[in-house]
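Here is the structure we will look at.
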Amino acid sequence: MTLSHLPSRLHYQTHHPKRCRLLRRLEIIAIIIGLISTVILHGLLKITTIVHWELGATIVLAMFYFTLSLLIRYVWNLSRKEFLKQNLIYLTISGLWLLAILVILIIHDLIPKSPGRLELILDVSEICIVLRGLYETIILIRRVSSRGWNPALIVVGSFVVLISIGTILLMFPSARAQDPAATTTQGAPFLVALFTSTSASCVTGLIVVPTGTYWSRTGQTIIMFLFQIGGLGILTFGAFFAAAFAKTMQIRESVTFSEMLESHQRGGVRRLLLAILGITIFTELTGAFFLSGLWPELPWHDRIYHSLFHSISAYCNAGFSLMNNNLMGMGDHWQISIVMPALIIIGGLGFVVNYNFLLYGITHFSNMTVRKPLFNHPTQKVRLTISSRLVFLSTIFLLVGGTLGLYLLESIHPEKDVSSWELLNSAWFQSVTFRTAGFNTVDLGAYQPQSKLFAILLMFIGASPGSTGGGVKTVVIALALLSVWSLLKGRDRVEIMGRTISSTLINRSLTIISLGILVLMSSTLLVVLFENRQDIFLDHLFETTSAFATVGVSTGITSELTAPSQWVIMITMLIGRVGPLTVMIALSNRGPSYNYRYPEESIHLG
C-alpha cells in the first residue's frame, strides 16, 4: 500500500466525493473523541465506584459511526472490489467489533460469573477504538514522512508530541499509587508528570519521585511504553508498522527514515526497519528471561513484569528501575554484572551497526543464506563498514578505559574498606552505565571528586550514532581525535582503515562537540544560578551532563532541584536526546546553496 492509495483519498473514486470527504473527517473527530473518552474512563473514573455511562455510550457510538460510515462509503464507491482491498484494516476492525457484539449477546448467559453485556461490549469497543487510532497514527506518520519536510523538525516535533501525551496520561489518578485508606484519589502534579514523561521519552532516567512506589502499575506501564517508544524514536516505531503492512515505500518516506536512522542504504530501509524490530524484540525478551531470577521473592507475575521492565529499560538505555535505590546493593549478582551490561551495550551500539554485524555474521558464518535469507538480506558476503568498525573499537576502548580509570581513581583515598574485586566489579558496571544507561550499583553521591569528573567525560561522549543512547556519540569523538592526529602529522585529510573521511563529516563532528559543550555549559550555568549552592557545583555539573547525555545517573539531588532548574533539566534532556545539531537544524532555515566561492585568506590562530 503506497501513500497514493491511503484511505484518505478514496473519496475521489466515489459517486459522492464531497460527502465521503465529510464522512472521513467526521471519522477522525470520532476517533479523537473516542480515544479521549477511553483515556478518561480508565484514567479517572474506573478507579471509583461511580459509573459514568455517558463516556461508555460515546465510545460505543464512535465505533458504530465508524462501521456505518464504512458501509456508506462502500455503497457509494465506484469499484467496490478495490474498496474492500484498500480498506482491509478498517473492515477487519469493524467486522471483529460486530462479531464480538453478536457473540456477547448470544452466549453471555452461558458463561457463569461473567461481567454484564454492556460492560463487555464497552471493553470490545475500547479495544477497537485503540486499534483504529493506532492505524490512523501509522497513516499520519507515512504522510508526514512523505511530504519532504525537514527530518530534524519532524524528529523534534515527534518527541514533543510523545512527551505531551505521556504527561497527560501520568496526571490521571490511575497512574499514581493511591492510599487505600484515603477517601479521595489524587493524580500526579503537572511538573512531576512532565518531568517523568520527559525523562522517559528521552530515555534519560532522572526522576523526582521513586518509580516503584509513587506510580501504580498503570503508571509504570505508561513509563515503560514511553521509554520503549522514545528509545526507538516515535517515527521509527510507527515506521515499523508501515514497513510491515506496506508492500512499497515512497522515495520521500525512504529518505526521511534513512536520515532518522542515520543509514546510507536508502534502498533497504524497509528491510532495515524490520531487522531493527526483530533485533529489539529478541534482545529484550532474552534479557527479560535471564533477569527473571533477580527477584525470587516476588510472585511469578510480578517477577515477569520486573524482568521485562528492567530489560527494556536497559536495552533502551533508559535507566528506570522499580527498585527504590535503583540497583544499589545488587552488584554481586551475575545478572547485574553480565546481563544488564550486555543489554546496555547492544542498545548503545546503534541500530544500523547491530544490523551490519548481524548480516556480517550470517553471511560469513552461517548456512542460512543457502535456503531463505533473513529479512531478504543480500546473499553475497557483507563487509563491516568503517562506521561499524569505529563504533566497535571506540566502544571497547571506552569500556576498558572507563573500567580501569574508575577503578584507579576510586582506589585513591577510599572512604570504605572495599575489596579489590568489589571495586573492579563496580567500576565495570559504572563504566557501562555512565555511557547513557543510568543504572547504578553504588551511591554516586559518595564518589570521589576525581571519579565524578571522569564520569562526566564518559557521559559527555555517550553511546554510538543511531542508538538508544545519548551524548555527542563515540564516532564523533573518534573523528575529532583522528582529525587532530592528522593535523599533528601534517596531513590535509583524515584517513583510516584504507578510507578517506570527508571534510564535511569532520566539520560536522567538531560542530556537534562545540554545540554539546555550549548546551552543557549553558544548562549548568542556569542550574547553578537558580540553586545558588556553590558548595555542590560538581554535583550540578554531574546532573546537567547526565541530562544532556540522557544518562540518568544522579548524585541524589534531582528531587531537591527547584522548579526553574527542573525546567532547565527537561529542556536539556530533550536537546540531548534529539541531538544539539538536530535541534539547530530544526530551528533554522536552510539557506540556498551557491555555486561561487570567495577568495581564501589566512588567519592567525595563535
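Pairwise inverse Cα distances across region 309-356, averaged and inverted, put the Kirkwood hydrodynamic radius at 11.4 Å.
Net charge of the neighbourhood of THR363, taken over other residues with C-beta under 12 Å away and scored Lys/Arg +1, Asp/Glu -1, is +2.
Compute the signed sum of charges (Lys and Arg +1, Asp and Glu -1) over the other residues within less than 15 Å, Cβ to Cβ, of GLY402. Could you put the intermediate results ahead of the total?
On the way: positive: ARG435, LYS452; negative: GLU410.
So the environment of GLY402 carries a net charge of +1.
Quantify, in whole percent, the carbon and sulfur part of the accessible surface of region 158-202 (1.4 Å probe; protein heavy atoms only). Walk me through the intermediate numbers first.
Working: 1280 of 1880 Å².
In region 158-202, the share of accessible area belonging to carbon and sulfur is 68 percent.
Can you flag which of LYS85/LYS381; LYS18/LYS85; LYS452/LYS489 are past 28 Å Cα-Cα? Before the final figure, lay out the partial values.
On the way: LYS85/LYS381 39 Å; LYS18/LYS85 22 Å; LYS452/LYS489 33 Å.
From LYS85/LYS381; LYS18/LYS85; LYS452/LYS489, over 28 Å: LYS85/LYS381; LYS452/LYS489.
VAL75 to THR221: FRET efficiency via 1/(1 + (r/R0)^6), r the Cβ-Cβ distance, R0 60 Å, to the nearest 0.05?
Values: r = 41 Å, r/R0 = 0.69.
FRET efficiency, VAL75 to THR221: 0.90.
Electrostatic bookkeeping for ILE496 treats Lys and Arg as +1 and Asp and Glu as -1; over the other residues with beta carbon under 13 Å from its beta carbon, the sum is +4. Close amide H pairs (under 5 Å, H built 1.01 Å from N) link ASN326 with no residue at least 5 positions away or on another chain.
Quick one: compute a quarter of the convex hull surface over the Cα atoms of region 510-570 and quote it in nm².
Numbers: hull surface 15.6 nm².
Mean projected area for region 510-570: 3.9 nm², to one decimal.
Over all projection directions, the Cα-based convex hull of region 418-506 averages an area of 8.0 nm².
When the convex hull of its Cα atoms is viewed from all sides, region 154-202 shows a mean projected area of 3.3 nm².
In this structure GLU54 has an accessible area near 90 Å², from a 1.4 Å probe over the protein heavy atoms.
Label sites at ILE281 and LEU88, each approximated as a point 7 angstrom past Cα along Cα to Cβ, lie 1.8 nm apart. Within the accessible area of region 309-370, the carbon and sulfur atoms contribute 63%, probe 1.4 Å, all protein chains present. Our coupling estimate for region 123-139, obtained by passing each phi through the Karplus curve with A = 6.51, B = -1.76, C = 1.60 and θ = phi - 60°, is 4, 5, 5, 4, 4, 5, 4, 5, 4, 5, x, 5, 5, 5, 5, 4, 4 Hz, Gly and Pro reported as x. Rg to Rh ratio, region 287-334, alpha-carbon atoms and Kirkwood radius? Ratio of gyration radius to Kirkwood radius: 0.93.
The values are calculated or read from the model by the stated rules, or taken from the named source; none is laboratory data. No experiment lies behind these values; they were computed from the predicted model shown. Heads up, the Cβs are rebuilt from the backbone with ideal geometry, glycines too, and the neighbour counts pull from every protein chain shown. These accessible areas exclude ligands, DNA and RNA; they are computed on the full protein's heavy atoms, side chains included. Shrake-Rupley method; radii C 1.70, N 1.55, O 1.52, S 1.80 Å.
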